[in-house]
Amino acid sequence: MSPQSPAPKVLIVGGAGYIGSACAVSLLEAGWTVATYDDLSTGHRQAAQGDLIQGDIRDRGRLEGVLRAGRFDAVMHFAAKSLVGESTRHPLRYYDVNTGGTAALVDAMLSAGIKSLVFSSTCAIYGDPVRLPLDEDHPRAPVSPYGDSKEMVERMLAATRAREGLRVTTLRYFNAAGALPEHGLGESHHPETHLIPLALQAALGQRPPLALFGEDYDTRDGTCVRDYIHVRDLASAHLLAMRRLLEGDPGDAYNVGTGMGTTVREVLQAVERVLGVPVPYEVAPRREGDPPALYAQADKIRGALGWEAHHVDIDDIVRTAAQWARAPRY
Ligand code: UDP
């Protein structure tokens, strides 16, 4: 983009969700124009930025019409089903929406002449780590239909890039966390399955004690280690990635994590420090499919896009999530 180019216009597919809405805000802050395409199956009308077009990711014709009519420059794609447990019970839903839906979207984009895409992937494509931290060349062996549905998309996008000249960057998120309370945006899943909102809600007396899934892992305190990344930092990664695509770069795949591992107990301690009250919890059996530790090697995105995480302190991440948990807007 030259300094004279008009600000890009981006369709945020799945933009009424937790991460999509945060990314849309970052684009708006950069002076870009956005519209949201979402079926509101798990997203929230109040979270959508720009015009909201209600539609299904699998509706190829609708998407093509929307892309043509809105004269969009690019697409960011967040629309997906993302519950690992549900994916093991209903695998076809995951392949249908996540894999099939992305095929429909990319087909619509190419028909409408739009070639730039940032796609939300996940560290779940790696499966159980054979080495840590997880780098982008780690073997890809997903252990759930959710991870597999995303891994299939990555291969599909790689093939389409080569054949159709699609410019696409895939961002492999670690554990998205935190909120943007200053924008009235935060995490609101029904049911909620994620550690930080559950721990906050338990501490605030909004739900029963947290079930801590396993304290007999081979980690520093026996509980699972994860790499919690603030949605704001995820959002800045999207902005940088899209800027580069719009300059003509073919795109690449990057991990987006802080590179720091935090145990479940350390998260609970952070919640206690932030709220000043203990988190009521009960130790429960391990949750099926949880690897002991997952954390990112994120040097590639730092080197290639100049990205940095600004919220690496777990207290900082939890603080924004706590502000939201006290007074969620939806
Ligand atoms: N966890 C837990 N109790 C809960 C939810 C999560 O102990 O009610 C643990 C889970 O076993 C994992 C970590 O918290 O080790 C993060 O889980 P989350 O579901 O937030 O994200 P995931 O790593 O599964 O994507």
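The values are calculated or read from the model by the stated rules, or taken from the named source; none is laboratory data. Just so you know, these numbers come straight off a predicted model, no measurement behind them. With ideal geometry, Cβ positions are generated from the backbone for all residues, glycine too; neighbour counts draw on all protein chains shown. For accessibility, only protein heavy atoms count, side chains too; no ligands or nucleic acids. Shrake-Rupley method; radii C 1.70, N 1.55, O 1.52, S 1.80 Å.
Odds and ends about this structure:
- Per the listing Ala325, Ala309, the residue uniquely open to solvent by less than 30 Å² (accessible area, probe 1.4 Å), away from the ligand (no atom under 16 Å from the Cβ), aliphatic (A, V, I, L, M) and over 30 Å from Ala159 (Cβ atoms) is Ala309.
- Those residues of region 211-224 which are within 11 Å of the ligand (Cβ to nearest atom) and either part of a helix (DSSP H, G or I) or open to solvent by less than 10 Å² (accessible area, probe 1.4 Å) (or both), in sequence order: Leu212, Gly214, Thr223, Cys224
- Among (1) charged (D, E, K, R); (2) open to solvent by less than 30 Å² (accessible area, probe 1.4 Å); (3) modelled with pLDDT under 95, the one test that Asp315 misses: (3)
- Which numbered condition Asp137 misses (of (1) acidic (Asp, Glu); (2) within 16 Å of the ligand (Cβ to nearest atom); (3) farther than 26 Å from Ser26 by Cβ): (2)
- Note on region 60-87: residues that are over 20 Å from the mean Cα position of the chain (by Cα) and farther than 25 Å from Gly251 by Cβ total 4.
- Residues that are out of contact with any strand residue (DSSP E or B) (no Cβ under 7 Å at 6 or more places or on another chain), open to solvent by 30 Å² or more (accessible area, probe 1.4 Å) and under 20 Å from Ala237 (Cβ atoms) do not occur anywhere in region 35-49.
- Consider region 198-220 and keep the residues that are over 25 Å from the mean Cα position of the chain (by Cα) and polar (S, T, N, Q). The one that is farthest from Glu266 (Cα to Cα) is Gln206.
- Of all the listed residues (Gly165, Gly184, Gly178), the sole one being modelled with pLDDT under 95 and on the phi > 0 side of the Ramachandran plot is Gly165.
- Out of Gly55, Gly65, Gly70, sole residue that is among the small types (Gly, Ala, Ser) and surrounded by fewer than 17 Cβ atoms within 10 Å (Cβ to Cβ): Gly65
- Taking each residue of region 189-200 that is aliphatic (A, V, I, L, M) and open to solvent by 40 Å² or more (accessible area, probe 1.4 Å) and looking for partners that are more than 9 Å from the ligand (Cβ to nearest atom) and modelled with pLDDT of 95 or more with beta-carbon atoms closer than 8 Å, six or more apart or interchain, yields nothing.
- So Arg244, is it in a loop (DSSP other than H, G, I, E, B) and in contact with a strand residue (DSSP E or B) (Cβ under 8 Å, 6 or more places away or on another chain): no
- Of the residues making up region 252-259, not a single one is exposed (fewer than 14 other Cβ atoms within 10 Å of the Cβ) and among the acidic types (Asp, Glu).
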